[in-house]
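Undergrad: Can you keep this structure in mind? I'll have questions shortly.
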Amino acid sequence: MDVFGVLAQFWPDLLSGVGITIKLAGLGAIIAGVLAPLLALVRVNGGPAAQVPLRFYISFMRGTPLLAQMFLIYYGSGQFRPFLQDIGLWNFFREPFNCALLAFVMNSTAYQTEILRGGIMGVPHGEIEAGKAVGMSYIMSLRRIVFPHAYRIAWPALGNEIILLVKASALASVVTVFDLMGQTRAIFQKTFDFSVYIWAAVLYLCLTAAFVWIWRRLEHRLSPHIHGKRPSLLGAMTKRETA
């Protein structure tokens, strides 16, 4: 096992895989983040006709493995090739990256929807009533009161969901996407050097660590009144004694 020799020889391939991983997980999280707020509002305020299919979708995506969902999209789409060709979607489904991205979007949307639903329900009703009292429309109250407060509540859980998505992106390699894990498997098949998996684990750790750092900085900006410097209990007691 040549730990540093493998890295020196194949680092361009590993970095290429890191780029695909960031692209796959990043696009999946962003697209899901655009869809989730609307679906979360439906979960909170929608009628039975909208609630039933949405609940079924969320239950299915949260209750089945992401790998199975990816197989259903990637291999299942081939069963409907004539139909997909007729409507012009076969060029999309024939690409493994697109199928993996669609699976990640659908899966993450379900989780982000439920996380945001909890955040919306955590907004104090008095704040919404105060917005109505000063003449805010429904859309304006969503933009200025509901969603800012809901995202502050849901922000840590959303970060955990995206971290899980980054790690789950390794599953894309089973449908021939050459992300970080796909490149790692290809290198191992060439060299049979197990140390390449050590480097893959290190790179995944670096990705998640960098994301956590960025997410916490954003959390501090969203809630400066919560994450600002607070006097310690010991310091407060010392001041009282000296006073």
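The values are calculated or read from the model by the stated rules, or taken from the named source; none is laboratory data. What you see is a predicted model; the values in this text were computed from it and never measured. Neighbour counts are summed over all protein chains in view; Cβ atoms, including those assigned to glycine, are modelled from backbone coordinates with ideal geometry. Keep in mind that these areas ignore ligands, DNA and RNA; they rest on the heavy atoms of the full protein, side chains included. Shrake-Rupley method; radii C 1.70, N 1.55, O 1.52, S 1.80 Å.
Undergrad: Calculate the length of the line joining the C-alpha centroid of the stretch 70-97 to that of the stretch 162-218, in whole Å.
TA: When both Cα centres are located, 26 Å separates them.
Undergrad: List the relative contact order of the chain as a percent without decimals, with contacts defined as Cα pairs under 8 Å and 6+ residues apart.
TA: 29
Undergrad: Per 10 Å bin, what is the whole-percent P(r) computed from every C-alpha pair distance within the stretch 98-146?
TA: With a bin width of 10 Å, the distribution comes to 24, 33, 23, 15, 4.
Undergrad: Can you give the translational diffusion coefficient of the chain in µm²/s, computed by Stokes-Einstein from the Kirkwood radius over Cα pairs at 10 °C and 1.306 mPa s?
TA: Translational diffusion coefficient: 76 µm²/s.
Undergrad: Related question: Measuring with a 1.4 Å probe in the full set of protein chains, what accessible area per residue, in whole Å², belongs to the chain?
TA: Value returned for the chain: 59 Å² of accessible area per residue.
Undergrad: Using a 1.4 angstrom probe on the protein heavy atoms only, line up H149, H125 by accessible area, largest first.
TA: Listed by decreasing accessible area, they come as H125, H149.
Undergrad: With all protein chains present, calculate the accessible area of F93 using a 1.4 Å probe and round the result to the nearest 10 Å².
TA: The accessible area of F93 comes to roughly 40 Å².
Undergrad: Now for a separate question. With n ≥ 4 as the cut-off for DSSP H runs, can you work out [θ] at 222 nm for the chain, using -39500 (n - 2.57) per run divided by the number of residues, rounded to the nearest 500?
TA: Here the helix-only value at 222 nm equals -26000 deg cm²/dmol.
Undergrad: Over the alpha carbons of the stretch 16-61, what is the largest minus smallest coordinate on each principal axis, giving the biggest first in Å?
TA: 47, 19, 10
Undergrad: Would you please give the FRET efficiency between W213 and L7, computed as 1/(1 + (r/R0)^6) with r the Cβ-Cβ distance and R0 = 30 Å, to the nearest 0.05?
TA: 0.80
Undergrad: What FRET efficiency comes out for V42 versus Y75 if R0 is 25 angstrom and r is the Cβ-Cβ distance? Round to the nearest 0.05.
TA: Given R0 = 25 Å and the Cβ-Cβ separation, E is 0.25.
Undergrad: What shape does the stretch 1-119 have by the C-alpha gyration tensor, where a ≥ b ≥ c are the square roots of the eigenvalues, rounded means a/c under 1.5, and otherwise prolate means a/b greater than b/c and oblate the rest?
TA: oblate
Undergrad: Of the heavy-atom accessible surface of the chain (probe 1.4 angstrom), what whole percent is carbon and sulfur?
TA: Percent of accessible area from carbon and sulfur atoms in the chain: 67.
Undergrad: I would also like to ask the following. Report D for the stretch 73-120 in µm² per second (integer): Stokes-Einstein, Kirkwood Rh on Cα pairs, 4 °C, 1.567 mPa s.
TA: The Stokes-Einstein estimate is 108 µm²/s.
Undergrad: Whole-Å semi-axes of the stretch 103-203's equivalent ellipsoid, largest first, each the root of 5 times a Cα gyration tensor eigenvalue?
TA: 45, 12, 9
Undergrad: Taking a point 7 angstrom from the Cα of T176 along the C-beta vector, which residues in the stretch 73-93 have backbone N less than 16 Å away?
TA: Residues 73-79, 91-93 qualify, since their backbone N sits under 16 Å from the label point.
Undergrad: Hey, another quick one. Protein chains only, probe 1.4 Å: how do R81, R143, R43 rank by accessible area, largest first?
TA: Sorted descending by solvent-accessible area, the residues read R143, R81, R43.
Undergrad: Find the all-direction average of the projected area of the Cα convex hull for the stretch 49-167, expressing the result in square nanometres with one decimal place.
TA: For the stretch 49-167, averaging the hull's shadow over all directions gives 9.8 nm².
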